[in-house]
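The values are calculated or read from the model by the stated rules, or taken from the named source; none is laboratory data. Predicted model only: the values in this text are computed from it and were never measured. Reconstructed Cβ throughout: ideal geometry from the backbone, glycine too, with neighbour counts over all protein chains shown. Accessible surface is based on the protein model in full, side chains and every heavy atom, while ligands, DNA and RNA are left aside. Shrake-Rupley method; radii C 1.70, N 1.55, O 1.52, S 1.80 Å.
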Amino acid sequence: MASARAAEAFKARFGTAGRQFSAPGRVNLIGEHVDYNDGVVLPMAIDRRMRVWASPRGGRRLSVVAYDFGEEAELDLDAPVRQTGTWRDYIAGTAFHLEQAGFRLGGASLLIASDIPAGAGLSSSAALEVAVGFALLTLAGHEVDLLALARAGQAAEHNFVGTRCGLMDQFVAAQARAGRAVRLDCRTHAFDLVPVDTTHCAVVVADTGIRHRLATSAYNARRQECELALAALQRRRPTLSSLGDVAPDELEAATAELDPRLARRVRHVVTEIARVEAFAQALASGDWTRAGALLTASHQSLKDDYEASCPELDALAAAAQAIPGCYGARMTGGGFGGCTVSLVASAALETFLRAVPPAYERATGRLARLWVVTPSDGVGEALPTQPE
Ligand code: GLA
């Protein structure tokens, strides 16, 4: 098993067993591109994890093995953090921001290994930030403040990676629970755990295989468009603090004078926030048909109004939606490549898994990878006796 080999590699490299920590990847069910607009989101953690083996080593240096890449780095907690454009930035950035938040850390030996597909929009980077941050805080004897941890990861993205992301990914990696999705109000950070019963309906993630070089700049551009739209709307309504404040019935009046492109961005944000609430209700009442229709409507809005999709995401969502028993499908995460998420009736799952890849290949000439995912726990320490 890969994680047993990684544990052995830690022991061979550092001469001790190390404690094992881990944080999950995530899939966002609905509520896309609304976290940085003070909206409500509904992600869940998936059963794929970033694992960190760690032991304290005195001093202020981190010795880090990136097991999957066969690479190693030394980071000095007292040296200024320099951006490298590599995995080191997530670790150095998170450690830096935890210390900025008042959590003094100590030197440590770390080994990192993951089974979250990288770059697929399943938030392997948030999982890395949250798992390493949790390990460093625990080794240093701090009681872990999960919100502060999530914020340190987000700040690492902003200041050392260059993505001006919201808090959703780090928050769910920190707070998720098995069998639940996390409904998070991004304005107040209040959240509740919403049961996701996968007995009758499976959650399927499908990877387009597209990794867009410009995804980060396109993401940041969307965020900036929201800021421009907000500034324009505030001229008429100075009390407006975010796009999440615009009620659905005010939408038309509010956007009448906006540049049409910005008006479409606002329309996505406002209608998507309304869809999250409707989706949560559908989930609670087991109304999969309604929940699926909301997913499909979300995709359409992300495609047409937010322009965060791409031809391959559209083809994969369409291939999924065409299968009888698929309640709905949409792109998930930041977009411009990466994955879709589908809700599929259990009885139709086998057909779905068999039929979607060839349909996608016919449409795009590309191979799709599919995973049936289950809602999983957030960050934590694996007990030595616990099988992983
Ligand atoms: C990325 C970001 C999140 C969120 C989504 C879009 O995953 O990291 O903060 O904005 O995109 O919903």
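Would you point out the residue of the stretch 256-270, among those that are surrounded by fewer than 17 Cβ atoms within 10 Å (Cβ to Cβ) and part of a helix (DSSP H, G or I), that is farthest from the chain's Cα centre (by Cα)? Give the derivation first.
From the stretch 256-270, those surrounded by fewer than 17 Cβ atoms within 10 Å (Cβ to Cβ) are 256-257, 259-261; that's our starting set.
Within this subset, residues satisfying the condition of being part of a helix (DSSP H, G or I) are 260-261.
Working: 260: 29, 261: 26 Å.
Residue satisfying both the conditions and the ranking: 260.
Regarding residue 164, is this residue in a loop (DSSP other than H, G, I, E, B), within 11 Å of the ligand (Cβ to nearest atom) and either in contact (Cβ under 8 Å) with a residue 12 or more places away in the chain or not charged (D, E, K, R) (or both)? So residue 164 fits the description; yes. The condition of being within 16 Å of the ligand (Cβ to nearest atom), in contact with a strand residue (DSSP E or B) (Cβ under 9 Å, 6 or more places away or on another chain) and not aliphatic (A, V, I, L, M) does not hold for residue 19. The conditions of being open to solvent by 20 Å² or more (accessible area, probe 1.4 Å), in a helix (DSSP H, G or I), more than 26 Å from residue 182 (Cα to Cα) and in contact (Cβ under 8 Å) with a residue 60 or more places away in the chain are met by residue 312.
The residues on offer are 111, 128, 105, and the sole one that is out of contact with any strand residue (DSSP E or B) (no Cβ under 6 Å at 6 or more places or on another chain), modelled with pLDDT of 95 or more and not β-branched (Val, Ile, Thr) is 105.
Contact map, the stretch 37-56: residues that are over 17 Å from residue 380 (Cα atoms) and in contact (Cβ under 8 Å) with a residue 12 or more places away in the chain paired with residues that are open to solvent by 20 Å² or more (accessible area, probe 1.4 Å) and basic (Lys, Arg), Cβ distance under 6 Å, separation 6+ or inter-chain. Pairs shown: 38/187; 42/183.
Within the stretch 349-384, the set of residues being among the aliphatic types (A, V, I, L, M) and in contact with a strand residue (DSSP E or B) (Cβ under 7 Å, 6 or more places away or on another chain) comprises 349, 353, 356, 368, 370, 372, 373, 379, 382. If you check 64, 81 for being open to solvent by 30 Å² or more (accessible area, probe 1.4 Å), among the β-branched types (Val, Ile, Thr) and more than 22 Å from residue 220 (Cα to Cα), only one passes: 81.
Filtered by the rule that a residue be within 14 Å of the ligand (Cβ to nearest atom) and open to solvent by less than 10 Å² (accessible area, probe 1.4 Å), the stretch 315-336 gives 330, 331, 332, 333.
Considering every residue within the stretch 133-150, establish whether at least one is more than 16 Å from residue 44 (Cα to Cα), within 11 Å of the ligand (Cβ to nearest atom) and either among the polar types (S, T, N, Q) or not in a strand (DSSP E or B) (or both). For the stretch 133-150, residues more than 16 Å from residue 44 (Cα to Cα), within 11 Å of the ligand (Cβ to nearest atom) and either among the polar types (S, T, N, Q) or not in a strand (DSSP E or B) (or both): absent. Listed conditions (1) open to solvent by less than 20 Å² (accessible area, probe 1.4 Å); (2) within 14 Å of the ligand (Cβ to nearest atom); (3) out of contact with any Phe, Trp or Tyr (no Cβ under 8 Å at 6 or more places or on another chain) are all met by residue 46, apart from (3).
Just wondering, is there one or more residues in the stretch 340-349 that are touching a residue at least 40 places away in the same chain (Cβ under 8 Å) and surrounded by fewer than 17 Cβ atoms within 10 Å (Cβ to Cβ)? Give the derivation first.
Taking the stretch 340-349 as the starting set, the residues that turn out to be touching a residue at least 40 places away in the same chain (Cβ under 8 Å) are 340-346, 349.
Checking the rest, the ones that are also surrounded by fewer than 17 Cβ atoms within 10 Å (Cβ to Cβ) come to 346.
Yes, the stretch 340-349 contains a residue that is touching a residue at least 40 places away in the same chain (Cβ under 8 Å) and surrounded by fewer than 17 Cβ atoms within 10 Å (Cβ to Cβ).
The residues of the stretch 215-234 include none that are modelled with pLDDT under 95 and either on the phi > 0 side of the Ramachandran plot or open to solvent by 90 Å² or more (accessible area, probe 1.4 Å) (or both). Any residue that is surrounded by 24 or more Cβ atoms within 10 Å (Cβ to Cβ), closer than 16 Å to residue 165 by Cα and either of a type in the set (S, T, N, Q) or touching a residue at least 40 places away in the same chain (Cβ under 8 Å) (or both) - is there at least one of those in the stretch 6-23? Looking through the stretch 6-23, none of the residues is surrounded by 24 or more Cβ atoms within 10 Å (Cβ to Cβ), closer than 16 Å to residue 165 by Cα and either of a type in the set (S, T, N, Q) or touching a residue at least 40 places away in the same chain (Cβ under 8 Å) (or both).
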